[in-house]
Number of protein chains: 2
Amino acid sequence: MSARQVTLAEVAKQAGVSLATASRVLNGSTRQVSEELSDRVLRTAEQLGYVPNASAQALARNSSSLVGLVVHDITDPYFSCIAAGVTRVAEEAGLVVVLGTTGRRPEREVELLSTLRAHRARAVVLAGSRTTDRVAQSRLAAEIDAFTEQGGRVACVSQAKLGTDTVVPGNRAGGRALARSLAELGHKKFAVLGGPSELVVARDRLAGFKAGLADAGVAPPVVINGAFTRDGGYEAALQLLSSKSRVTCVFAVTDVMAMGAMAALRERGVRVPEDMSIAGFDDIPTLRDTVPALSTVRLPLEQMGEIAAGLVLDAGGDEARTVRVAGEVVLRASTAHN
Amino acid sequence: MSARQVTLAEVAKQAGVSLATASRVLNGSTRQVSEELSDRVLRTAEQLGYVPNASAQALARNSSSLVGLVVHDITDPYFSCIAAGVTRVAEEAGLVVVLGTTGRRPEREVELLSTLRAHRARAVVLAGSRTTDRVAQSRLAAEIDAFTEQGGRVACVSQAKLGTDTVVPGNRAGGRALARSLAELGHKKFAVLGGPSELVVARDRLAGFKAGLADAGVAPPVVINGAFTRDGGYEAALQLLSSKSRVTCVFAVTDVMAMGAMAALRERGVRVPEDMSIAGFDDIPTLRDTVPALSTVRLPLEQMGEIAAGLVLDAGGDEARTVRVAGEVVLRASTAHN
DNA sequence: GCGTGGCGGGAAAGCGCTTTCCAGCGCTGC
DNA sequence: GCAGCGCTGGAAAGCGCTTTCCCGCCACGC
């Protein structure tokens, strides 16, 4: 084993041409090569099973074919959908996706970016949600600068005041619209299961929701913060149930949290939607199969990944571009009239 | 922008040492360097924000820090769980994961492997399910050979007669055990929603299930084949309902298919488990939140990813190793006595 | 005192490509 | 007839590292 790899030099020699010619044939050089030589090179390359060494190419060209993708947790449907979108676009462009997971640790994000920089990734999509932690943010910003200085491009999914291209879901507007729809159903007493207070996404959705309630002349909601996960939603719901508040409708700031919350309600014998209405945010695909079907604000997750990848791949100007993606309220069986 | 990248040479010059010394300091060379020089190098590297060029390192060392991961569809929880396991192990080992998705097209698998070979990935985990398509299989085998020839390692998740390290879930045994458990509940008339007949995983689970029924002295099941997806399960279930067969229990060969089937049953007003019991296979995390909770055969998906990554990362002998992972029958609310 | 061996440091030869630069050649235009 | 041009092919200089090889130095043992 470990038969040494076929190199361009071997192909060239075998075909009786120079290294330069072989290189020109086997890669879309601007230079023309006569059909005869070209054929010969192609044939011998094929015959020898030649595969160019990507590292060498990257080194010589000073640019690689890697695209980074940084997510918190790939098992979370929110992220895996975005990942699907990003990989689709990247693969179509003949690029290769490097997947990094942070486990929700901001410092991991910085580490990953640095690794990606080491690999001279040509672009990175950051799909983690930004925090309000000043220190973490500034370190991240510094790393992003270093990355772009080197000629790499960065795009974020979800808002980030980081001066990068960004795909911004309508978190605030979505939350607001949802609140109004729910108020129209006659609910008067709301609870919100919010994520960790330092997450911008969570804050925006909450703020939007509050604004929507205010629009409808409804009292502000009870807010319970929990982890941004299924179990976080579960815990938060339990906490809500054990509190004295008599709410009739609860909004979990992500679908994943809402699923956890529904499990908690079910366990405690609280019927959805008869005793309690519940809604989430994102419209992850698994929602189709919950019972009752969960009301939510639909975000085109895969498409968001595609857009982010698109932004980051076509050069664009120096200007940071922002693409807004609207959320659409989808009322299903988990929310009823009150 | 595009301020040229800090190179080792610059660090060396700045620190007043040779290239060799700088290299030795900044990477775990076996050679010792005096503390004084070492300090100086480290300090200037830090100060200049030096990040080694991974491509150059890969080229010089003739080995990269890339690990490939090939899945059919990253949004499928089965694969995303495995992916989580693989990335965890890879990241701990300081490696970087390259994610490739095939969309269930066998030729894509070959392409991806070739790309990974171009990148001199040091290892690859193939998480797609093998098919019985001879041509596709032999092309894949050839590509795997080429990859290993080059010193890369390959591991497969799910059985593959490909001569690679393999993590083998107990598909047959799991199917068999499940069948027996279900027969014990008193069911006499079964249906199986099988995947495409050329998928080995699907076949094995089906075969095991049939064997289990035979063990219990129950008649063979009605078999309906559909796509290996949620919608495939949905369609297959509809087909089952419109057929004349009066079955009381249905086994979908994957949880994802089972979820689709449950949706179909729900739509048609067939109550689970009162009118029909249903069970799946895999125990994907989302199962926790279906109603009724789905009976299944539990596979430690994330762990399988970890094991595969482990196999592929620690050198091991030339021998192809096989790790068997047992499935455990988990009966939940979706299956009832008959 | 001098060969020996161990050790820290540097020069330089690659690793497998890309790309610049130059040589040769057949044209055109004066 | 020849300067000038466009075009194809090859030689060779990198790209940023790692690693071999060599050199000088010091501590030893005889």
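The values are calculated or read from the model by the stated rules, or taken from the named source; none is laboratory data. All values derive from a computational prediction rather than experimental measurement. Cβ coordinates were reconstructed from backbone atoms using ideal geometry, including for glycine residues, and neighbour counts include every protein chain displayed. The area values use the complete protein model at the heavy-atom level, side chains included, leaving out ligands, DNA and RNA. Shrake-Rupley method; radii C 1.70, N 1.55, O 1.52, S 1.80 Å.
The set of residues in segment B:144-186 that are free of Cβ contacts under 8 Å to residues at least 40 places away in the same chain, polar (S, T, N, Q) and assigned by TED's automatic domain parsing to the domain that holds B:Arg205 is empty.
Only one entry in A:Ala309, A:Ala293 is touching a residue at least 40 places away in the same chain (Cβ under 8 Å) and part of a loop (DSSP other than H, G, I, E, B), namely A:Ala293. Of everything in segment B:189-202 that is of a type in the set (Val, Ile, Thr) and farther than 24 Å from B:Thr248 by Cβ, the residue that is farthest from the chain's Cα centre (by Cα) is B:Val200. Considering (1) assigned by TED's automatic domain parsing to the domain that holds B:Phe281; (2) of a type in the set (Asp, Glu); (3) within 27 Å of B:Ala320 (Cα to Cα), the lone condition that B:Glu235 does not fulfil carries the number (3).
Taking into account only those residues within segment A:65-74 that are within 9 Å of chain B (Cβ to nearest Cβ) and surrounded by fewer than 23 Cβ atoms within 10 Å (Cβ to Cβ), which is nearest to A:Val110 (Cα to Cα)? Across segment A:65-74, the extreme among qualifying residues is A:Asp73.
Conditions (1) in a strand (DSSP E or B); (2) aliphatic (A, V, I, L, M); (3) more than 10 Å from DNA strand C (Cβ to nearest atom); (4) within 14 Å of another protein chain (Cβ to nearest Cβ), marked per residue:
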{"position": "B:Val41", "(1), (2), (3), (4)": "no, yes, no, no"}
{"position": "B:Ser55", "(1), (2), (3), (4)": "no, no, no, yes"}
{"position": "B:Leu59", "(1), (2), (3), (4)": "no, yes, no, yes"}
{"position": "B:Tyr78", "(1), (2), (3), (4)": "no, no, yes, yes"}
{"position": "B:Thr87", "(1), (2), (3), (4)": "no, no, yes, yes"}
{"position": "B:Glu91", "(1), (2), (3), (4)": "no, no, yes, yes"}
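Of all residues in segment A:33-43, which are more than 8 Å from DNA strand D (Cβ to nearest atom) and open to solvent by less than 50 Å² (accessible area, probe 1.4 Å)? If the condition is that a residue be more than 8 Å from DNA strand D (Cβ to nearest atom) and open to solvent by less than 50 Å² (accessible area, probe 1.4 Å), then A:Val41 is the only one that fits. Of all residues in segment A:218-270, those satisfying the criterion of being touching a residue at least 40 places away in the same chain (Cβ under 8 Å), part of a loop (DSSP other than H, G, I, E, B), more than 26 Å from B:Pro285 (Cβ to Cβ) and not polar (S, T, N, Q) are A:Arg246, A:Val247.
Quick check, is B:Thr101 within 23 Å of A:Ala118 (Cβ to Cβ), crowded, with 22+ Cβ neighbours inside 10 Å, among the hydroxyl-bearing types (Ser, Thr, Tyr) and at the interface with chain A (Cβ under 9 Å from one of its Cβ atoms)? Criteria not met by B:Thr101.
Is segment B:271-287 home to any residue that is more than 12 Å from chain A (Cβ to nearest Cβ), assigned to a loop (DSSP other than H, G, I, E, B), over 26 Å from the mean Cα position of the chain (by Cα) and in contact (Cβ under 8 Å) with a residue 60 or more places away in the chain? Among the residues of segment B:271-287, at least one is more than 12 Å from chain A (Cβ to nearest Cβ), assigned to a loop (DSSP other than H, G, I, E, B), over 26 Å from the mean Cα position of the chain (by Cα) and in contact (Cβ under 8 Å) with a residue 60 or more places away in the chain, which makes the answer yes.
Tallying residues that are within 20 Å of the chain's Cα centre (by Cα) and farther than 13 Å from A:Ala173 by Cα within segment A:203-231 yields 4. Selection of first residues in segment A:12-29 that are of a type in the set (D, E, K, R) and of second residues that are assigned to a loop (DSSP other than H, G, I, E, B) and at pLDDT below 95, restricted to Cβ pairs under 7 Å at least 6 apart or on distinct chains, gives the following pairs, ordered by first then second residue: A:Arg24/A:Arg31; A:Arg24/A:Val33. Restricting attention to segment A:13-25 and to residues that are more than 6 Å from DNA strand D (Cβ to nearest atom) and open to solvent by less than 50 Å² (accessible area, probe 1.4 Å), the residue that is farthest from the other protein chains (Cβ to nearest Cβ) turns out to be A:Ala15.
Scan segment A:93-119 for residues that are in a helix (DSSP H, G or I), within 15 Å of the chain's Cα centre (by Cα) and either closer than 18 Å to A:Gln57 by Cβ or not assigned by TED's automatic domain parsing to the domain that holds A:Arg153 (or both) and the total you get is 0. Taking the conditions exactly as written (near DNA strand C (Cβ under 9 Å from one of its atoms), buried (at least 16 other Cβ atoms within 10 Å of the Cβ) and more than 14 Å from chain B (Cβ to nearest Cβ)), does A:Thr30 satisfy them or not? In short, no. For segment B:12-39, the tally of residues that are in a helix (DSSP H, G or I) and not aliphatic (A, V, I, L, M) stands at 9. Evaluation of A:Ala3 against the conditions (1) more than 9 Å from DNA strand D (Cβ to nearest atom); (2) in contact with a Ser or Thr (Cβ under 9 Å, 6 or more places away or on another chain); (3) modelled with pLDDT under 95 shows that the sole unmet condition is (2).
Any chance segment B:145-161 includes a residue that's within 25 Å of B:Val330 (Cβ to Cβ) and open to solvent by 20 Å² or more (accessible area, probe 1.4 Å)? Scanning segment B:145-161, I find at least one residue that is within 25 Å of B:Val330 (Cβ to Cβ) and open to solvent by 20 Å² or more (accessible area, probe 1.4 Å), so the answer is yes. When B:Asp318 is tested against (1) more than 23 Å from the chain's Cα centre (by Cα); (2) in a loop (DSSP other than H, G, I, E, B), just one condition goes unmet, and that condition is (1).
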